[in-house]
Amino acid sequence: MGSESESVELERLSRFILASETLMRRIESLKQSGREKEAESLYRSGVRPLTEKYLKDALSESLKLEQARRDGSFSRMVGWRRATLVLLVLVALLSFLLAGLWTRRLARYVRDNTEYLARAMAAVASGNFRISLKTERDDELGRLNRELGEMAQRLEKTQRRLVESERLAAYGQLARGAARALNNPLTAVLGYAD
């Protein structure tokens, strides 16, 4: 009976691992196609419930083992207890592995986008206001990209207005100088005419 129950548990575990791998491949393909929200939703609705269900089943089996020990049929259930413990450990390890992969992917996404933003800010700081930014994302980094683009446009408009006002001020000085230059000889001529 022990080898039969172990084979049933191993079959359940292999189905769980296969389902988890399929879900993670689907999640990775969604992430690579830029559909982060759908990937996160699939993780929350697929991987997490699958893991929780398997852990609940394993815990239920463990509780049955404890009840069997109390009832005196413990010797038959020793194999179940060992298999359940192994399965719990494997599920926990698989969960940590999946969480680690998810975290690594998220960290890479944040790092790449912050480096991109840093390069864009350096370009704006050096006076290049015509930068192209990735604004297709709807998360915090996408909003930050849009805000940086809008700020660069405002700075460019302000710089154009400043150059225009400086040019107008130069024209004003030129006109004042010309008026003075014309007034000085006219004053002398008018003085002689009187």
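Of the accessible area of region 91-145, computed with a 1.4 Å probe over protein heavy atoms only, carbon and sulfur atoms account for 61 percent.
For region 140-194, with every protein chain kept in place, what is the accessible area per residue (1.4 Å probe, Å²)? Please report the intermediate quantities before stating the final value.
On the way: 4630 Å² over 55 residues.
Result: 84 Å² of accessible area for each residue.
Here the simple spin-label model places points 7 Å from the Cα toward Cβ, and for GLN67 and ALA19 these points are separated by 2.2 nm.
At 1.4 Å probe size, with no ligands or nucleic acids counted, give the accessible surface of LYS157 in Å², nearest ten. Result for LYS157: roughly 110 Å² accessible.
The values are calculated or read from the model by the stated rules, or taken from the named source; none is laboratory data. Note that the coordinates shown come from a computational prediction; the quantities given were computed from them, not determined experimentally. No Cβ is skipped: glycine too gets one built from the backbone with ideal geometry, and neighbour counts run over all protein chains shown. What goes into the accessible areas is simple: the full protein's heavy atoms, side chains included, and nothing from ligands, DNA or RNA. Shrake-Rupley method; radii C 1.70, N 1.55, O 1.52, S 1.80 Å.
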